[in-house]
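The values are calculated or read from the model by the stated rules, or taken from the named source; none is laboratory data. A quick note: this is a predicted structure, and the numbers were derived from the prediction, not measured. Cβ coordinates were reconstructed from backbone atoms using ideal geometry, including for glycine residues, and neighbour counts include every protein chain displayed. These area figures cover heavy atoms from the full protein model, side chains too; ligands, DNA and RNA do not enter into them. Shrake-Rupley method; radii C 1.70, N 1.55, O 1.52, S 1.80 Å.
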Amino acid sequence: MATNADSQIIWMEGKMIPYSDAKVHILSHSLHYGTGVFEGIRAYRTADGRTAIFRAEEHFQRFFDSIRALGLHCPYTISDLIQASCDTVRANEFKECYIRPLAYLDDSIRGLKLPDNPKALVAIATWAWGKYMGDDGQTKGIRIQTSTYRRADVSTSLPLAKLTGGYITSVLARREATKNGLDEALLLDPQGFVAEGSGENLFLVKNKEILTPPVQFILPGITRDSVFQIAKHLGYSVREANITRNQLYLADELFFSGTAVEVTPIREVDYRPIADGRPGPISRQLQETFFKTVQGEVPRFNSWLRYV
Ligand SMILES: *Cc1c(COP(=O)(O)O)cnc(C)c1O
């Protein structure tokens with residue numbers, strides 16, 4: 001059922017389809033076995049009143065990396081899908097929206113045995129999506145818990161690929177956290193180090209230095225990379241490091257990065273306030289610069305914007 005936030009038109013296999021007709025067959029392989037790949041991208045209204053997709057090139061590069069990791073074949077190019085995204089945003093007359101590309105297998109394949117390089121079908125949907133953690137979460141910080149679920153091991157899944165099937169762990173972890181009255185889950189990796197949230201990467205600030213887990217068990221976030229580059233541009237030292245739960249409790253600041261959460265401070269972990277329980281100055285500065293960047297107000301990073 002469509003909601004008010006949804007688009008009227010969805011791009012499917014090169015065609016603009018009305019929302020209510022954008023359907024797949026009940027026997028679609030991806031629906032049964034999680035053999036799909038997706039992306040999450042945002043388009044922002046820029047300071048000059050135009051609309052720009054944030055880091056479209058990098059998102060579709062990762063989309064194709066995920067498709068390749070899963071062993072699917074996608075007949076489109078990165079520039080085809082960037083163009084399709086721009087067309088879809090424009091067709092729906094969104095000034096700002098979330099963009100959801102999906103590559104999936106249809107009902108022509110039954111059972112687990114995939115043919116070599118099966119052809120993925122592609123759809124691109126858009127919808128209006130405000131603050132993922134609410135306005136309050138974004139300004140005052142959110143409360144999270146260490147999840148009882150762990151991020152998949154490198155031998156159980158493909159942690160660097162954004163797979164639909166991989167998201168079952170994220171959904172269970174997020175539900176566990178919200179049932180406990182918290183905003184989000186934090187998953188540890190199989191070795192017990194901090195990995196990431198259910199759909200966002202984590203940063204820790206200690207003594208003005210910024211740390212984040214290495215790309216091993218985590219999804220290599222485009223927002224994570226943006227924060228990395230913005231922080232360096234602002235003169236901070238940023239480095240990848242294994243982080244323990246103990247270090248979280250002693251952090252000066254913690255925050256999440258992701259297309260959905262953007263930059264969101266964390267004010268509490270496992271019912272313990274982080275520092276004084278309020279978003280710290282570096283988190284706030286990075287958040288502010290991130291929002292300026294997506295609105296085209298940081299010239300250094302203007303090449304990240306693709307105007308629709
Ligand atoms: C998509 C995703 C992220 C965030 O990536 P962005 O490119 O910044 O949106 C982080 N973790 C997981 C598990 C994800 O699926």
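First check a/c for region 97-136, with a ≥ b ≥ c the square roots of the eigenvalues of its C-alpha gyration tensor; if it is under 1.5, answer rounded, and if not, answer prolate when a/b is larger than b/c or oblate otherwise. Intermediate results must be reported in sequence, preceding the final value.
Values: a/c = 4.65, a/b = 2.99, b/c = 1.55.
The shape class here is prolate.
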Task: Extension gain (nm, one decimal) between Asp225 and Asp270, 0.36 nm per residue minus Cα-Cα - done: 13.5 nm
Open item on the list: Distance cut-off 22 Å, Cα to Cα: go down the list Lys131/Lys179; Lys23/Lys113; Lys15/Lys119; Lys140/Lys232; Lys131/Lys208; Lys95/Lys292 and report the pairs above it.
Closed with: Lys23/Lys113; Lys140/Lys232; Lys131/Lys208
Open item on the list: With a 10 Å cut-off between alpha carbons and a GNM built on the chain, which of Thr264, Thr212, Thr139 moves the most?
Closed with: Thr139
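Rg/Rh for region 98-179: what does it come to with C-alpha atoms and Rh from Kirkwood? Walk me through the numbers before you get to the answer.
Values: Rg = 17.0 Å, Rh = 16.2 Å.
So for region 98-179, dividing Rg by the Kirkwood Rh gives 1.05.
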- [ ] Enumerate by residue number the GluC sites (Glu not before Pro) in region 204-306 meeting two conditions: DSSP loop (anything except H, G, I, E, B), and at most 16 other Cβ atoms within 10 Å of the site's Cβ.
- [x] Glu297
Open item on the list: With 18 Å as the cut-off, how large is the P(r) tail for region 1-66, expressed as percent of Cα-Cα pairs?
Closed with: 61
TODO: Mind telling me which of Ser28, Ser20, Ser170 comes out most flexible in a GNM of the chain, alpha-carbon contacts under 10 Å?
DONE: Ser20
Task: Neighbourhood charge, 13 Å Cβ-Cβ cut-off, centred on Ala128 and excluding it, Lys, Arg +1 and Asp, Glu -1 - done: +2
Open item on the list: Along its three principal axes, how long is the chain when you only count alpha carbons? Whole Å, largest extent first please.
Closed with: 54, 47, 32
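Accessible area per residue of the chain at 1.4 Å probe, in Å²?
Working: 14320 Å² over 308 residues.
So the chain comes to 46 Å² accessible per residue, rounded to a whole number.
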- [ ] With springs connecting C-alpha atoms under 10 Å apart, model the chain as a Gaussian network and identify which of Ile78, Ile274, Ile109 has the largest mean-square fluctuation.
- [x] Ile109
TODO: Evaluate E = 1/(1 + (r/R0)^6) for Ala69 and Ala22, where r is the Cβ-Cβ distance and R0 equals 41 Å; express this FRET efficiency to the nearest 0.05.
DONE: 0.95
- [ ] Give me the compactness ratio for region 231-308, meaning the Cα radius of gyration over 2.2 N^0.38 Å.
- [x] 1.26
Task: Local electrostatic count at Leu105 - Lys and Arg +1, Asp and Glu -1, tallied over other residues with Cβ under 14 Å - done: -1
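Kindly provide the Kirkwood hydrodynamic radius of region 193-271 in Å, to one decimal, from all pairs of distinct alpha carbon atoms. Please list the in-between numbers first.
Values: mean 1/r = 0.0799 Å⁻¹.
After inverting the pairwise mean of 1/r, the radius is 12.5 Å.
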Open item on the list: Sort 153-160, 98-105 by packing, meaning the average of other beta carbons within 10 Å per residue, with the highest value first.
Closed with: 98-105, 153-160
Open item on the list: At 1.4 Å probe size, with the rest of the protein present, what percent of the exposed accessible area of the chain is carbon and sulfur atoms?
Closed with: 50
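Over region 39-143, what lengths in whole Å, largest first, do the semi-axes of the equivalent ellipsoid take, defined as the square roots of 5 times the eigenvalues of the alpha-carbon gyration tensor?
Details: eigenvalues 184, 62, 29 Å².
For region 39-143, the ellipsoid semi-axes come out as 30, 18, 12 Å.
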Open item on the list: If I take R0 = 22 Å and measure r between the Cβ atoms of Leu250 and Gln191 in this structure, what FRET efficiency does the formula 1/(1 + (r/R0)^6) give, to the nearest 0.05?
Closed with: 0.65
- [ ] Excluding Ile53 itself, calculate the net charge of residues whose Cβ lies under 13 Å from the Cβ of Ile53, where each Lys or Arg counts +1 and each Asp or Glu counts -1.
- [x] +3
Task: region 1-80 - percent relative contact order, Cα under 8 Å, separation 6 or more - done: 17
TODO: Set the Förster radius R0 to 25 Å, insert the Cβ-Cβ distance between Arg175 and Leu114 as r into 1/(1 + (r/R0)^6), and round the FRET efficiency to 0.05.
DONE: 0.25
